[in-house]
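Novice: Got a structure here, written out as structure tokens. Questions coming.
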């Protein structure tokens with residue numbers, strides 16, 4: 001379906017398909033088909049990269065922007081047909097610039113978050129979910145020794161059955 005839509009789009013624009021790649025291992029860190037396409041762009045063998053969706057091209061905003069900037073530097077257009085992003089037009093290039101602004105903002109927020117967490121750890125702050133069922137471990141064990149079922153213990157103490165099982169299993 002995607003290949004047909006891409007071919008029809010290229011035909012409507014009057015483009016000739018010079019290279020068609022299909023990435024199968026979408027979760028792979030090193031994506032050979034995309035690298036092959038970028039190499040063709042570096043050799044000036046293609047004029048436009050046409051994709052079905054942006055997430056088919058880049059796995060993160062940073063990765064997406066880095067490759068889009070490289071393509072722009074090489075004079076190669078980029079079109080994503082489902083998001084109607086066409087970097088061969090002035091409006092599309094403006095949209096890419098806005099994406100770059102959001103990516104920079106996202107990086108800054110992440111950096112501030114990491115710095116805040118590191119600062120909290122240095123000051124002895126315990127991070128993560130607060131301990132709830134673990135505070136009642138002694139009571140859980142006492143009730144279990146008294147022959148009360150795990151489900152009944154969970155109901156009485158108003159905690160999850162999984163927490164009861166985890167606590168009872170930890171002492172084995």
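The values are calculated or read from the model by the stated rules, or taken from the named source; none is laboratory data. As the structure is a computational prediction, the values presented were derived from the model and not from experiment. With ideal geometry, Cβ positions are generated from the backbone for all residues, glycine too; neighbour counts draw on all protein chains shown.
Novice: Which residue is nearest to residue 51 (Cα to Cα), if the candidates are limited to the range 84-93 and must be in a helix (DSSP H, G or I) and out of contact with any helix residue (DSSP H, G or I) (no Cβ under 8 Å at 6 or more places or on another chain)? Before the answer, list the steps.
Specialist: Keep residues of the range 84-93 that are in a helix (DSSP H, G or I), which gives 90-93.
Now narrow it down to the ones that are out of contact with any helix residue (DSSP H, G or I) (no Cβ under 8 Å at 6 or more places or on another chain): 90-92.
Numbers: 90: 19, 91: 18, 92: 14 Å.
Ranking the candidates gives 92 first.
Novice: Answer yes or no: is there a residue in the range 102-112 that is surrounded by 13 or more Cβ atoms within 10 Å (Cβ to Cβ) and within 30 Å of residue 10 (Cβ to Cβ). I'd like the intermediate steps shown before the answer.
Specialist: Initial filter on the range 102-112 (surrounded by 13 or more Cβ atoms within 10 Å (Cβ to Cβ)): 103-104, 106.
Pick out the ones that are also within 30 Å of residue 10 (Cβ to Cβ) and you get 103.
Yes.
Novice: Restricting to the range 45-65, what's the tally of residues that are modelled with pLDDT of 85 or more, under 21 Å from residue 89 (Cβ atoms) and exposed (fewer than 15 other Cβ atoms within 10 Å of the Cβ)?
Specialist: Adding up the residues that qualify gives 1.
Novice: Applying the selection to the range 68-101, what residues are over 26 Å from residue 43 (Cα atoms) and surrounded by 12 or more Cβ atoms within 10 Å (Cβ to Cβ)?
Specialist: 82, 83, 95, 99
Novice: Quick check on my filter: what residues within the range 153-169 are loosely packed, with under 14 Cβ neighbours inside 10 Å and free of Cβ contacts under 8 Å to residues at least 12 places away in the same chain?
Specialist: 155, 158, 162, 169
Novice: Residue 115 - would you say it is under 30 Å from residue 85 (Cα atoms) and surrounded by 10 or more Cβ atoms within 10 Å (Cβ to Cβ)?
Specialist: Taking the combined requirement at face value, the residue does not satisfy it.
Novice: Among the residues of the range 1-20, write down those that are at pLDDT 85 or above and closer than 19 Å to residue 44 by Cβ.
Specialist: Within the range 1-20, 10, 15, 16, 17 qualify.
The rows are residues; the columns are (1) touching a residue at least 40 places away in the same chain (Cβ under 8 Å); (2) assigned to a helix (DSSP H, G or I); (3) more than 21 Å from residue 13 (Cα to Cα); (4) out of contact with any helix residue (DSSP H, G or I) (no Cβ under 9 Å at 6 or more places or on another chain).
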position: 41; (1), (2), (3), (4): no, yes, no, no
position: 46; (1), (2), (3), (4): no, no, no, no
position: 50; (1), (2), (3), (4): yes, no, no, no
position: 63; (1), (2), (3), (4): no, yes, yes, yes
position: 66; (1), (2), (3), (4): no, yes, yes, yes
position: 70; (1), (2), (3), (4): no, yes, yes, no
position: 82; (1), (2), (3), (4): no, no, no, no
position: 95; (1), (2), (3), (4): no, yes, no, yes
position: 114; (1), (2), (3), (4): no, yes, yes, yes
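Novice: Turning to a different aspect of this structure: Can you name the number of the only condition in (1) modelled with pLDDT of 90 or more; (2) in the same structural domain as residue 13 (by TED's automatic domain parsing) that residue 104 fails?
Specialist: Of the numbered conditions (1) modelled with pLDDT of 90 or more; (2) in the same structural domain as residue 13 (by TED's automatic domain parsing), the odd one out for residue 104 is (1).
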